[in-house]
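Read the structure below first, then the notes.
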Amino acid sequence: MASVDVVIPCYKYGSVLPTAVRSVLDQPDVDVRVLVIDDASGDGSADIARALSDVDSRVRVVEHVQNKGHIATYNEGLLEWASADYCALLSADDALTPGALGRAARLMDAHPDVGFVYGRPLHWDGSEPLPLARTEDRGWTVYKGHSWLRRRFALGDGCITSPEVVVRTSLQRKLGGYDPELRHTGDIEMWMRFALHADVGYLRGVDQAYYRVHGQNMSAAYYASVVADLRQRLAAYTAITDRPDNPLADKSELDRQVRRVLARDALRRAGRAFDKGRVEIDPVEELVDFARESYGEIDSLPEWHTLRLRKRLGARRARVLSPLVLTAPARRVRQHVRELRWQRSGI
């Protein structure tokens, strides 16, 4: 039977911690251990963690005297503690779906070249009982790591929220953990780094984790600054193309490709400000500056020309005429459709 170590960092989430821990301990068909790292919460969360440990020897608790931050806490558990066949990081406010670890372990047991496995996250508002998840095995797809990586560059965005991932521990230790320089896109960079050296497994048609959506998600405040989000995404991708161990012959072209994708994203967001009457609120000029800095050839992009048209029309008329202009939501839908088709194709 495969073994899985699950790291649960906790900062002031003691009230929801029991749901996360129980979702791991109840996993069938795998031997599990849990490490709860309380990052100096100071609100009684550590007491709740210790109470969980007292009733189940599979739960261990580490308490920080001083707050170390999320990246250092993640890496402490994944790189210094985890030693099982496979490992996972689960936020204290999220949870695993029934059988998630067993499904991931079976895939990696069958495919030794797979470095990590993911499925779909089920977005959840935190209400009890947990919503019904899709847990029936529907097979899997194994992607060549470089193929999966190139798809990430083609889309310019991550396809993983994090709790739905299970990693081969030997690969985690070999390639390291979260990059402390990438506080908000370290997960995207890490998955791509793994894909440079290993294949990627995808569990089809199942929900692997409950991802709690609420106003206190760490990314929520960060994504309010769209320019900062774009800059962090670009930093994650350039970290991959700049790696000395990157064997891809076309990494320069991949860098150019993702810069173009992100520049188009920035220009679409700027155009959307006109469509929604938010020109005085949204950082239009900063978005244009990012597009120009990251790609340089924005004059060749269709989004630049539609943005210029909006500017000539002015904010009021641009908003009235916005149905006549191709907007970001339609393009985003088509992007998701392409992603789903690619996942189903197995290439």
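The values are calculated or read from the model by the stated rules, or taken from the named source; none is laboratory data. No experiment lies behind these values; they were computed from the predicted model shown. Positions of Cβ are generated from backbone atoms using ideal geometry, with glycine treated the same way; all protein chains shown enter the neighbour counts.
Quick check: is even one residue across segment 142-149 under 25 Å from R33 (Cα atoms) and either at pLDDT below 95 or buried (at least 22 other Cβ atoms within 10 Å of the Cβ) (or both)?
no
Would you mind telling me which numbered condition in (1) closer than 22 Å to R183 by Cβ; (2) over 18 Å from the mean Cα position of the chain (by Cα); (3) among the aromatic types (F, W, Y) Y74 fails?
Result: Y74 passes all but (2).
Checking the condition over 23 Å from the mean Cα position of the chain (by Cα) and farther than 23 Å from D179 by Cβ, which residue from V36, V61 passes?
Going through V36, V61 in turn, just one is over 23 Å from the mean Cα position of the chain (by Cα) and farther than 23 Å from D179 by Cβ: V61.
Determine whether A49 is in contact with a strand residue (DSSP E or B) (Cβ under 9 Å, 6 or more places away or on another chain), crowded, with 20+ Cβ neighbours inside 10 Å and either not in a helix (DSSP H, G or I) or not assigned by TED's automatic domain parsing to the domain that holds S162 (or both).
no
Show the residue pairs that are 6+ apart or on different chains and have beta-carbon atoms under 8 Å apart, the first residue being within segment 56-67 and under 18 Å from L90 (Cβ atoms) and in the same structural domain as T19 (by TED's automatic domain parsing), the second being in a strand (DSSP E or B) and at pLDDT below 95.
The qualifying pairs do not exist here.
Quick check on my filter: what residues within segment 6-24 are under 23 Å from L79 (Cβ atoms) and outside any loop (DSSP other than H, G, I, E, B)?
Answer for segment 6-24, where residues must be under 23 Å from L79 (Cβ atoms) and outside any loop (DSSP other than H, G, I, E, B): V6, V7, I8, P9, C10, L17, A20, V21, V24.
Looking at segment 4-43, which of the residues that are over 17 Å from G102 (Cα atoms) and either of a type in the set (D, E, K, R) or not assigned by TED's automatic domain parsing to the domain that holds G126 (or both) is surrounded by the most Cβ atoms within 10 Å (Cβ to Cβ)?
Top of the filtered list is D38.
Test each condition in (1) within 25 Å of Q27 (Cβ to Cβ); (2) touching a residue at least 60 places away in the same chain (Cβ under 8 Å) for S127 and report the one that comes out false.
Of the numbered conditions (1) within 25 Å of Q27 (Cβ to Cβ); (2) touching a residue at least 60 places away in the same chain (Cβ under 8 Å), the odd one out for S127 is (2).
Considering only helices (runs of 4 or more DSSP H) fully contained in segment 228-317, which possess at least 2 residues that are outside the structural domain of A195 (by TED's automatic domain parsing) and in contact with an Asp or Glu (Cβ under 7 Å, 6 or more places away or on another chain)?
Ranges flagged: 251-275.
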